[in-house]
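The values are calculated or read from the model by the stated rules, or taken from the named source; none is laboratory data. No experiment lies behind these values; they were computed from the predicted model shown. Cβ placement follows ideal geometry from the backbone for every residue including glycine, while neighbour counts extend to all protein chains displayed. Heads up: the accessible areas ignore ligands, DNA and RNA and are worked out on the full protein's heavy atoms, side chains in. Shrake-Rupley method; radii C 1.70, N 1.55, O 1.52, S 1.80 Å.
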Amino acid sequence: MNTRFNAIRRPVLTVIAAVVALSGLLPAVFDGTASAAQITSRSIEMSDSTPAATGVTYQLSFMPVVNAQEIIVDFCGNDPIDGDVCNFAANSVPNVAAATGTGVTAIGTGTPKHTIKITGLTITAGVQFTTTISGITNPTWNSSTTASFYARIYTYLTGTSTSYVPANVTGANPTVGGSPKDFGGAAMSTAQNVQITAKVMETLSFCTSGIDISGAGYGGVITNVNCSAATAPLITIGHGSPTQVLSADQIDSTPAYMQLSTNASAGAVIRMKNTHTCVGLSNDGGATCLIPSMNTVATPAAIVPGTAAFGMFVAPSKLTATVTTSTGTITPDAAYHTAGKDVPQSNTSTTSTAFYGMDDASVKSTYGSTIASCAGPISQVNSQLNFAATASLTTPAGVYSTNEILIATGTF
């Protein structure tokens, strides 16, 4: 009666194995290990499923039925069924020759090595057991071979796993000796990486304005806080009404503004270029500057009323008010900013409250003089440029002007 029942059971179990294989986790099917129990809750988790990946860690986990101290993990490319021949062509199974871990040894002489023995373990019946194996090379996979591979897992008592001899020729039977205590199979698979491509264009948005477009950062109040609110920076330096004029008894100043946004990874540089022959305020179209720049080296200094001088300072940057995505900092260049001397000049000042610069040589160069920069991506960051001047008692009457080009360059 028992003989007849066993004869029927084998094909039934085989059918079950084929069905469950679709889920990637196969139950044990025994051939030659009929006395072994079936481990449950078993899996082998891979740290990387990329075909041919090296240095991969496999985490083996299962629920043992019987106490044990050693494990055999035999990788085969055809199935996880105990008793079947084991195929391990080079592209179908992991190469475990360099495998490492507590008690881990690669055994057998097949190429590639496909069998691991782990000793010195404490495997307790009814307690989930987990161990890791590192240094594994995944199977190679391409369109002409299957991506799936399998593991046959056996547990042994101390010293008895030495009787397990893996197949050394693909398509041969391993020798399952030493009376394994538990057995189970697992299915795994490599897969080509999902390669995702997205494109982000290099961006740089830069504008100048005659009014404060920071929201309220420098005292201006504007509801449309971006470059669309900017106005042409046509500024007049002077005081009085109805005509604003320079005089020798005070310093006059007028601000202009700029705003920068960029995704440049290394940030951006803002340069100012003077288009006239001379640097300063000219009454003859830029040929001569009777109100010259207040210094000829890159060192900010105070403007002294009555000296006929022209300069600029760059104030510390400010984020755009009410814009939560406004982020970053624009750093004034040392030629146009001195810490502690960054208070915008009043148009009634007889004493300089700010230090001004105007690097004559660089501001007339091909690409202009660096006035400020940022170190990385920024969004809607504002800076105030404060232009100041004073006349002397001998400065001829007339209309004085200059023209400054501001250039922003991102480094991507």
Can you name the residue in the range 309-323 that is assigned to a loop (DSSP other than H, G, I, E, B) and modelled with pLDDT of 90 or more and, of all such residues, is nearest to residue 245 (Cα to Cα)?
-> 315
Identify, please: which residue in the range 322-352 is in contact (Cβ under 8 Å) with a residue 60 or more places away in the chain and within 25 Å of residue 409 (Cα to Cα) and is, among those, least open to solvent (accessible area, probe 1.4 Å)?
-> 330
What are the residues in the range 174-199 that are of a type outside the set (Ser, Thr, Tyr), assigned to a loop (DSSP other than H, G, I, E, B) and more than 16 Å from residue 107 (Cβ to Cβ), if any?
-> 181, 191, 192, 193, 194, 195, 196, 198, 199
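Just to verify a result, which residue in the range 240-299, among those that are small (Gly, Ala, Ser) and assigned to a strand (DSSP E or B), is farthest from residue 367 (Cα to Cα)? Walk me through how you get there before you give the answer.
Narrowing the range 240-299 to residues small (Gly, Ala, Ser): 240-241, 247-248, 253, 256, 261, 264-268, 280, 282, 285-287, 293, 298.
Those still in the list that are assigned to a strand (DSSP E or B) too: 253, 256, 261, 268, 280, 282, 293.
Values: 253: 26, 256: 21, 261: 20, 268: 14, 280: 18, 282: 22, 293: 19 Å.
Ranking the qualifying residues of the range 240-299, first place goes to 253.
Return yes when residue 169 is open to solvent by 50 Å² or more (accessible area, probe 1.4 Å) and over 24 Å from residue 404 (Cα atoms) and no when it is not.
On the way: open to solvent by 50 Å² or more (accessible area, probe 1.4 Å): yes; over 24 Å from residue 404 (Cα atoms): yes.
It is true that residue 169 is open to solvent by 50 Å² or more (accessible area, probe 1.4 Å) and over 24 Å from residue 404 (Cα atoms).
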Take the residues of the range 307-321 that are of a type in the set (Ser, Thr, Tyr) and farther than 18 Å from residue 370 by Cβ: which is most open to solvent (accessible area, probe 1.4 Å)?
-> 307
Residue 274: at pLDDT below 95, crowded, with 22+ Cβ neighbours inside 10 Å, under 30 Å from residue 410 (Cβ atoms) and in contact with a strand residue (DSSP E or B) (Cβ under 7 Å, 6 or more places away or on another chain), yes or no?
-> yes
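Take the range 91-106 and flag every residue that is closer than 21 Å to residue 189 by Cβ and surrounded by fewer than 20 Cβ atoms within 10 Å (Cβ to Cβ).
First, the residues of the range 91-106 that are closer than 21 Å to residue 189 by Cβ: 91-96, 99.
91 - this is the single residue of the range 91-106 that is closer than 21 Å to residue 189 by Cβ and surrounded by fewer than 20 Cβ atoms within 10 Å (Cβ to Cβ).
Report yes if some residue within the range 289-306 is open to solvent by 10 Å² or more (accessible area, probe 1.4 Å) and at positive phi; otherwise report no.
Here is the first cut: in the range 289-306, the residues open to solvent by 10 Å² or more (accessible area, probe 1.4 Å) are 289-290, 292-302, 304-306.
Still in the running and at positive phi: 306.
There is at least one residue in the range 289-306 that is open to solvent by 10 Å² or more (accessible area, probe 1.4 Å) and at positive phi.
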Listed residues 69, 128; which is among the polar types (S, T, N, Q), over 25 Å from residue 172 (Cβ atoms) and surrounded by fewer than 17 Cβ atoms within 10 Å (Cβ to Cβ)?
-> 128
Do you know which residues across the range 145-189 are more than 15 Å from residue 86 (Cβ to Cβ) and of a type in the set (Phe, Trp, Tyr)?
-> 156
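Does residue 262 satisfy the criteria of being modelled with pLDDT of 95 or more, surrounded by 18 or more Cβ atoms within 10 Å (Cβ to Cβ) and under 24 Å from residue 336 (Cα atoms)? Before the answer, list the steps.
Values: modelled with pLDDT of 95 or more: yes; surrounded by 18 or more Cβ atoms within 10 Å (Cβ to Cβ): yes; under 24 Å from residue 336 (Cα atoms): yes.
In short, yes.
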Going through the range 306-323 one residue at a time, which ones are under 27 Å from the mean Cα position of the chain (by Cα) and small (Gly, Ala, Ser)?
-> 317
